[in-house]
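Have a look at the structure below before the remarks.
No lab work stands behind these numbers, since they all come straight from the coordinates. For clarity, every value in this text was computed on a predicted model and none was experimentally measured. Positions of Cβ are backbone-derived with ideal geometry, glycine not excepted, and every protein chain shown enters the neighbour counts.
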Amino acid sequence: MRIAIASDHAAIDLKSRLREWLIDEGHEVADLGPDSHDSVDYPDFGYRLSEVVAEGTAERGIALCGSGIGISISVNRNPAVRCALVSEPLSAALAREHNDANVIAMGARLTGIDMAKACVTAFLATDFAGGRHQRRVDKLSNPPFTEPA
């Protein structure tokens, strides 16, 4: 699978370890940066990741920052991308199964490497269920901006 991964400076070590593990697992990985521990702004890397996933260069994405919150917000600014902040494998699997998430976000200050690998494994192994979930996912990219019936 083609996977893009990006982080801010707080998550560069987790990003590097996940990138190497994903390559060892046989995936094609695009590391979108950063390349050092120098302070950077997470939105820049979240936006870059969302563009790569939206254009189809990568099938899935992994976004990392200190908490996972900031970078997930920036990734979700792109209407073609659905990024879910996850902290354990069940939320990662449900993000795919129910929400057709194409990106997951995690916090390097909150998630260790073993849990991060378990989340990524669940995320990559789970298919979107479709069915009743499809109309809900469609509304994420085309919100009605009206009161629910």
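Figures for the structure shown
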item	result
Semi-axis lengths (Å, descending) of the ellipsoid that matches the C-alpha gyration tensor of the chain	25, 17, 14
Per-residue [θ]222 nm for the chain (sum of -39500 (n - 2.57) over DSSP H runs n ≥ 4, rounded to 500)	-13500 deg cm²/dmol
Nonlocal amide H pairs with Leu85, under 5 Å, H built at 1.01 Å	Ala105
Cα lying deepest toward the dipole's positive end in segment 2-141, options Leu64, Ala84, Gly26, charges on Cβ	Ala84
Additional length obtainable on full extension of the chain from Lys139 to His37, 0.36 nm per residue less Cα span	32.9 nm
Segments 2-15, 35-48, 90-103 sorted - mean Cβ within 10 Å per residue, highest first	2-15, 90-103, 35-48
Euclidean distance of C-alpha centroids, segment 1-57 and segment 97-139, integer Å	16 Å
Angle in degrees between helix 89-99 and the longest Cα principal axis of the chain, rounded to the nearest 10	40 degrees
Long-range HN-HN contacts of Gly61 with modeled amide H, under 5 Å	Ala4, Val103, Ile104
Relative contact order (percent, whole number), the chain, Cα cutoff 8 Å, 6+ residue spacing	23 percent
